[in-house]
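Novice: Attaching a single structure in structure tokens format; questions to follow.
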Amino acid sequence: MDTLDDIKAVMEDLNHRKGVLAEQMREFQQLQGEIQVLVEQSNHDPKARAKLEKLNQAFPEGIQNSQQAIMLKVTMLEENFKQLQEGFKAIGEEDNASGESFPKPKKKRYKNYM
């Protein structure tokens, strides 16, 4: 396997991981919305209040701290993806500038019988 194939494999893996991360972020945002609904309903709904109490037991330091830590990690991941993308673009530009020529596909020629 040559370098270009290795880079393509890494890019495909990174794109897959980025997609998984995006899906997890959508789920996280959905959960945030559900928690907000529970907070709004907790004044008059005992079930909502009980669910919030369970959340507080699961996150004794508070959901806000966990949420901030997650958002910080997501920001770092986004920056890392951008840096990787820029690095791969730079590698591609270096390969093009170095004069490496990649084999071009041959065009099929059809015979004209008329």
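The values are calculated or read from the model by the stated rules, or taken from the named source; none is laboratory data. Everything numeric in this text was worked out from a predicted model, so none of it was measured. Here the Cβ is made from the backbone with ideal geometry for all residues, glycine too, and neighbour counts use every protein chain on show.
Novice: Of everything in segment 1-19, what is polar (S, T, N, Q) and loosely packed, with under 10 Cβ neighbours inside 10 Å? Give them in sequence order. Talk me through it step by step, then tell me what you get.
Specialist: Within segment 1-19, the first condition is being polar (S, T, N, Q), and the residues that meet it are 3, 15.
Within segment 1-19, just 3 meets the criteria.
Novice: Among the residues of segment 23-46, which ones are more than 20 Å from residue 59 (Cα to Cα) and of a type in the set (Ser, Thr, Tyr)?
Specialist: Once the filter is applied, which keeps residues that are more than 20 Å from residue 59 (Cα to Cα) and of a type in the set (Ser, Thr, Tyr), segment 23-46 yields nothing.
Novice: Let me ask something else. Would you say residue 85 is modelled with pLDDT of 80 or more, surrounded by 10 or more Cβ atoms within 10 Å (Cβ to Cβ) and part of a helix (DSSP H, G or I)?
Specialist: Values: modelled with pLDDT of 80 or more: yes; surrounded by 10 or more Cβ atoms within 10 Å (Cβ to Cβ): yes; part of a helix (DSSP H, G or I): yes.
Yes: the conditions hold for residue 85.
Novice: Go through the residues of segment 20-38 one by one and say whether even a single one is surrounded by fewer than 12 Cβ atoms within 10 Å (Cβ to Cβ) and either within 30 Å of residue 93 (Cα to Cα) or of a type in the set (Ser, Thr, Tyr) (or both).
Specialist: yes
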